[in-house]
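The values are calculated or read from the model by the stated rules, or taken from the named source; none is laboratory data. None of these values were measured; they are calculated from a predicted model. With ideal geometry, Cβ positions are generated from the backbone for all residues, glycine too; neighbour counts draw on all protein chains shown.
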Amino acid sequence: MSDRARLSVAAAGGWVRGPTAPTRVVLLVSIAVFINYVDRGNLATALPLLQGEFHLSASQLGVLLSIFYYGYVAAMAPIGWLAERYGAHRILAIGVAVWSAATLLTGFATSFALLLALRLLLGVGESAAFPCASKLLAQTVEVRHLGLANGVFSFGYLLGPAVGTLLGGLLMAACGWRPVFLLFGCVSLLWLWPWRTVAVDPPLGNRGVAEAQPALKQILQQRALWGASIGLFAGNYSFYFILAWLPFYLVKARGFSVDSMAWTASWAYLLNALSALLMGWLTDRLIRGGHSPNLIYKGVMALYSVGGIACMAGVALLPATGSVAALLIFEVLAGLCSPAIYAIPQIIAGPKAVGRWVGIQNAAGGMAGLVAPAVTGILVDQTGQFSVAFAIAAAANVVGFIGWVLILPKVAPLRWADPVA
């Protein structure tokens, strides 16, 4: 009897419902990561207001932006293991509850130290999103549909900054930053209601030896893991630099009002999300037409790496109109590569290992969040401008090209050796 058939009839371990349709799983997971990025990005939108209220330097703002990633990175690999051992469905729900509570409580923060603690907690909660989501997609979606599934998924987390920046910025301009955190934290908790009705296959820890997981040592020995991890770290440097500092940069360096900043940044993030959705659909169409997944996925990562160099230079050096144009092009390129970031490990690692694989890969990618915001804050304090910060972001994309294109081998499923044997 298949796992799906057993799941529909067995009561052991509490698994009594038949598996939910893949479309519903994809949509709810995409909504979860949308909420993830709305809650994550609220602080960046509030930076100009926080700086005035708490009298913070740019270096302190950089620390505040970076502290999120300490919890995020530290918890990522353990979360990947928990998702495979106890079920990504359960672990994702716990993560959403934790990060929603952290967002809500931020609205009550009265000191810099309390803000730091709540951002750290937010990072721990949000670390559940990508390992669990990748595990769920690999479990429920056929390989030939992974492009579109990851396109929808990417659209969710890339749309988050667009909606969060616009709505959060307009609301903060009208009523301050505290009510926005309270509102968004409460709304985030509502996602748990539809998720409680979702059922997926049981975790691999509940299955037989024939489907045992590959050992962690086997995963760590894969060249593909390290190529993807290096590539994601380098590519994320530009992405997290923009995500963390764009609102502040537009207001302080380019003279935008809070309202105009919110609209500009939101349009950039919306293009990012729409590009990801389009690329997901196009990827599936090209693969069904006989094109190589390896060529498509590695090609788009190369395009992002090379284009990112030019875009970072353009945002920093061009006049206001050209700077915004370079920003929009960068967001399009970032959106085009987004489905590949998680489709690649889902194809290579497969359902047996993708939770831990993405936990490790995303921990490496999250390290860019530790570095980029903090380094930028220090550079702005020392130089009074963003030029050096943009130059570093441009250089990081060279390393990204090496990881995604030169180190990463062919994008094809691995045949895992039996760990028992």
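Right, ALA326: in contact with a Gly (Cβ under 9 Å, 6 or more places away or on another chain), surrounded by fewer than 24 Cβ atoms within 10 Å (Cβ to Cβ) and at pLDDT below 90 or not? Taking the combined requirement at face value, the residue does not satisfy it. Scanning segment 270-288 for residues that are under 14 Å from ALA162 (Cα atoms), of a type in the set (S, T, N, Q) and at pLDDT 90 or above yields one hit, SER275.
Identify, from the list GLY227, GLY280, GLY235, GLY231, the residue that is among the small types (Gly, Ala, Ser) and more than 18 Å from ALA363 (Cβ to Cβ). Being among the small types (Gly, Ala, Ser) and more than 18 Å from ALA363 (Cβ to Cβ) holds for just one of GLY227, GLY280, GLY235, GLY231, which is GLY280.
Is it true that some residue in segment 309-318 is over 15 Å from SER238 (Cβ atoms) and in contact with a helix residue (DSSP H, G or I) (Cβ under 7 Å, 6 or more places away or on another chain)? Yes - at least one qualifying residue is present in segment 309-318. Among the conditions (1) more than 18 Å from PRO247 (Cα to Cα); (2) free of Cβ contacts under 8 Å to residues at least 24 places away in the same chain, GLY52 misses just one, which is (1).
Residues that are touching a residue at least 40 places away in the same chain (Cβ under 8 Å) and closer than 26 Å to ASP381 by Cα occur in segment 26-40; there is at least one. Considering LEU148, LEU120, LEU137, LEU167, the condition of being assigned to a helix (DSSP H, G or I) and more than 26 Å from LEU333 (Cα to Cα) is satisfied by LEU120 alone. Here is the figure for segment 348-405: residues that are over 20 Å from the mean Cα position of the chain (by Cα), polar (S, T, N, Q) and buried (at least 21 other Cβ atoms within 10 Å of the Cβ) total 1.
Only residues that are of a type in the set (A, V, I, L, M), in contact with a Ser or Thr (Cβ under 9 Å, 6 or more places away or on another chain) and closer than 14 Å to ALA340 by Cβ were counted in segment 287-314, giving 2.
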